[in-house]
1. Condition first: closer than 16 Å to L160 by Cα, open to solvent by less than 60 Å² (accessible area, probe 1.4 Å) and polar (S, T, N, Q). Now tell me which residues in region 175-215 satisfy that.
2. Take A180 and tell me if it is in contact with a Lys or Arg (Cβ under 9 Å, 6 or more places away or on another chain) and modelled with pLDDT of 95 or more.
3. Checking the structure you have, find out if any residue of region 157-164 is in a loop (DSSP other than H, G, I, E, B), aromatic (F, W, Y) and at negative phi.
4. Of everything in region 33-81 that's touching a Phe, Trp or Tyr at 6+ places or on another chain (Cβ under 9 Å) and of a type in the set (A, V, I, L, M), which residue is surrounded by the most Cβ atoms within 10 Å (Cβ to Cβ)?
5. Can you confirm whether region 18-29 contains a residue that is open to solvent by 50 Å² or more (accessible area, probe 1.4 Å) and under 19 Å from the mean Cα position of the chain (by Cα)?
6. Just to be sure I understand, how many residues within region 30-49 are among the charged types (D, E, K, R) and modelled with pLDDT under 90?
7. Out of region 82-103, which residues are open to solvent by 70 Å² or more (accessible area, probe 1.4 Å) and within 17 Å of the chain's Cα centre (by Cα)?
8. Filter region 165-182 down to residues that are assigned to a strand (DSSP E or B) and out of contact with any Ser or Thr (no Cβ under 9 Å at 6 or more places or on another chain), then give me how many there are.
Amino acid sequence: MSALVLELSQQSWWERFQRGLERPDDGAALLWERWTRSRELGAPNDEIPAELGLERGVALRARQERLDPLLSEVRDTFDEGAAALAAYDFTLLLADAEGVVVRAGGGGAFAPVAQSVRLIEGASWGEAARGTNAIGTALAEGRPTAVVGAAHYARPFHELVCYAAPVRDPEGRVVAALDATSMVSQAHPAVWALVSATAQAMEATWRARAWARAS
């Protein structure tokens, strides 16, 4: 499936959608469809409660343990990717199939912002919790996704750029999403390429070790 790019530099379309007006032209169709899905899921579009969808302690550890077969195999790959992206002020996140972040790293100068918008372990970035965003939308559609600026469903994220790619287990099931997020001023296709390559490396490592164990 081809990658999905949702990009919007001005808020006029977003404001039009929130007011219930018809979409302005065919160029807005991709956004309207994803925003409509977010609204139907009940996602907030403005104020985001700090603790919304936030899991800690036993609940978070249970999610991390469910992804242990992946995490144990690709921890080095994730850490290397996080270190590379930190140099460009991006945070690297691994979320489970429901969009809850189970591992976070990197960030550079963006790290304080990442904390403030809950790009942290235990936070839910599924579409029902935070609307159209790269993690939730990549999981919903099973394909690499970029969400830039005001294309995010929730206003507090309109200054962000996020690139995500689904991660599949050796049986081909989507079990996680790998994401890199920063300020929209840092947007660059090379970051998305790195995220996609890292996700593919994770899948390849997991698949190779599964085959090795089986044989």
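1. Once the filter is applied, which keeps residues that are closer than 16 Å to L160 by Cα, open to solvent by less than 60 Å² (accessible area, probe 1.4 Å) and polar (S, T, N, Q), region 175-215 yields T181, S182.
2. On the way: in contact with a Lys or Arg (Cβ under 9 Å, 6 or more places away or on another chain): no; modelled with pLDDT of 95 or more: yes.
No; evaluated as a whole, the condition is false for this residue.
3. The initial filter retains those residues of region 157-164 that are in a loop (DSSP other than H, G, I, E, B), namely 158-159.
This time we only want the ones that are aromatic (F, W, Y), so: none.
No: region 157-164 contains no residue that is in a loop (DSSP other than H, G, I, E, B), aromatic (F, W, Y) and at negative phi.
4. Ranking the candidates gives V74 first.
5. For region 18-29, residues open to solvent by 50 Å² or more (accessible area, probe 1.4 Å) and under 19 Å from the mean Cα position of the chain (by Cα): absent.
6. Filtering region 30-49 down to residues among the charged types (D, E, K, R) leaves 33-34, 37, 39-40, 46-47.
From what is left, the residues that are modelled with pLDDT under 90 are 47.
Selection size over region 30-49: 1.
7. E98 - this is the single residue of region 82-103 that is open to solvent by 70 Å² or more (accessible area, probe 1.4 Å) and within 17 Å of the chain's Cα centre (by Cα).
8. Residues of region 165-182 assigned to a strand (DSSP E or B): 165-168, 174-182.
Checking the rest, the ones that are also out of contact with any Ser or Thr (no Cβ under 9 Å at 6 or more places or on another chain) come to 167-168, 174-176.
Looking only at that region, the number is 5.
The values are calculated or read from the model by the stated rules, or taken from the named source; none is laboratory data. The model shown is predicted, which means the values in this text are computed figures rather than measured ones. Cβ coordinates were reconstructed from backbone atoms using ideal geometry, including for glycine residues, and neighbour counts include every protein chain displayed. To get the accessible areas, we keep the full protein, side chains included, count just its heavy atoms, and leave off ligands, DNA and RNA. Shrake-Rupley method; radii C 1.70, N 1.55, O 1.52, S 1.80 Å.
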